[in-house]
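Please read the structure below before turning to the comments.
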Amino acid sequence: MLDVIPQSQGIRAKAARDGSTIYGEVRAAIVNGAFPAGSRLPTERELAVQFSAARNTVRRTMGRLAEEGLIVRHVGRGTFVADDVAGRAPDEEYTLAELLEARLLFEPSLPDLVVERVTPADIAAMEASLGDMRAADTWVDFKEAKYGLHLAIAHASQNRFIVSIFEQILASRRRAGWGRSGGHRRPLSAVREAAFRENAEIVDALKAKDADAAREAIRTYLVRTLSAAGSS
């Protein structure tokens, strides 16, 4: 019997992916100087059209950027990059190696919860992120898809504390410079395909509710990524 994903769950999954993409791209553009301090950002309507997203998804995402102090919203005037944004130093963030070491301490244990609690909507979100990863043609899109997949896995645990930890990791990586290659010497296409294959193994194991295989696939992926980060 085929699992049917409720429409409301599919809508929530799309909103989560859209919000993550909008947040990552707008934030990267601000941090990397594409939108300099004091400049006006596109309207919510324009962003909704650009990202094929719902207006309320854009509004929530811009609210998140405002809470971080990156943008300032003025009723009737528009949304602007904060004046002091240029002074924020991404080098003050945790290093990729530090975050990967932390992830190795808890992510390989996630399958124990996920295989008991995962829903068809969770699997659909993971597979959508996998597809986005393989189709990515920029480092920003690739990283959003890659981290989006692992955030979807965290959500499938149905443990809010675990999700909160991963969201903090994700926010740190975005602040550190989402648009850079992360030291990879290989082209994006090669890195993308290797990551796709490794992460597809994780998703396949979770779909089969094979916690042991998923645990080993996650550990292998993180160890390999940590090794690459240390040698770059």
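Some notes on this structure:
- Counted residues, region 201-210 - those being surrounded by fewer than 19 Cβ atoms within 10 Å (Cβ to Cβ) and either part of a helix (DSSP H, G or I) or not assigned by TED's automatic domain parsing to the domain that holds Gly148 (or both): 3
- Filter result for Phe166 (at pLDDT 85 or above, more than 16 Å from Ala29 (Cα to Cα), surrounded by 19 or more Cβ atoms within 10 Å (Cβ to Cβ) and not assigned by TED's automatic domain parsing to the domain that holds Ala16): yes
- Gly76 within 17 Å of Glu167 (Cα to Cα) and modelled with pLDDT of 80 or more: no
- Residue check, Phe51 at pLDDT 90 or above, closer than 23 Å to Ala124 by Cα, not aliphatic (A, V, I, L, M) and not assigned by TED's automatic domain parsing to the domain that holds Ala121: yes
- In the set (1) under 22 Å from Ala211 (Cβ atoms); (2) of a type in the set (D, E, K, R); (3) without any contact (Cβ under 8 Å) to a residue 24 or more places away in the chain, Glu98 fails one condition alone, (1).
- Of all residues in region 14-48, those satisfying the criterion of being in a helix (DSSP H, G or I), surrounded by fewer than 21 Cβ atoms within 10 Å (Cβ to Cβ) and either in the same structural domain as Ala128 (by TED's automatic domain parsing) or modelled with pLDDT of 90 or more (or both) are Glu44, Arg45, Glu46, Ala48.
- Selection of region 178-200 for residues being among the charged types (D, E, K, R), at pLDDT 85 or above and either buried (at least 19 other Cβ atoms within 10 Å of the Cβ) or in a loop (DSSP other than H, G, I, E, B) (or both) yields only Arg192.
- Test: residue in region 61-76 that is in contact with a helix residue (DSSP H, G or I) (Cβ under 8 Å, 6 or more places away or on another chain), among the basic types (Lys, Arg) and within 22 Å of Ile11 (Cβ to Cβ): yes
- Test: residue in region 74-86 that is closer than 19 Å to Glu144 by Cβ and either small (Gly, Ala, Ser) or surrounded by fewer than 20 Cβ atoms within 10 Å (Cβ to Cβ) (or both): no
- Selection from region 49-60 of residues that are in a loop (DSSP other than H, G, I, E, B) and out of contact with any helix residue (DSSP H, G or I) (no Cβ under 7 Å at 6 or more places or on another chain): Ser52
- Of all residues in region 87-96 being part of a helix (DSSP H, G or I) and surrounded by 14 or more Cβ atoms within 10 Å (Cβ to Cβ), the one that is modelled with the highest pLDDT: Leu96
- Matching option when the condition is touching a residue at least 24 places away in the same chain (Cβ under 8 Å), within 15 Å of Arg174 (Cα to Cα) and touching a strand residue (DSSP E or B) at 6+ places or on another chain (Cβ under 8 Å), among Ile30, Ile71: Ile30
- Filter result (more than 17 Å from Ala194 (Cα to Cα), of a type in the set (A, V, I, L, M, F, W, C) and out of contact with any Ser or Thr (no Cβ under 8 Å at 6 or more places or on another chain)) within region 141-169: Ile153, Ala154, Phe161, Ile162, Ile165, Phe166, Ile169
The values are calculated or read from the model by the stated rules, or taken from the named source; none is laboratory data. Treat the numbers as computed from the prediction; the structure is a model and nothing was measured. Positions of Cβ are generated from backbone atoms using ideal geometry, with glycine treated the same way; all protein chains shown enter the neighbour counts.
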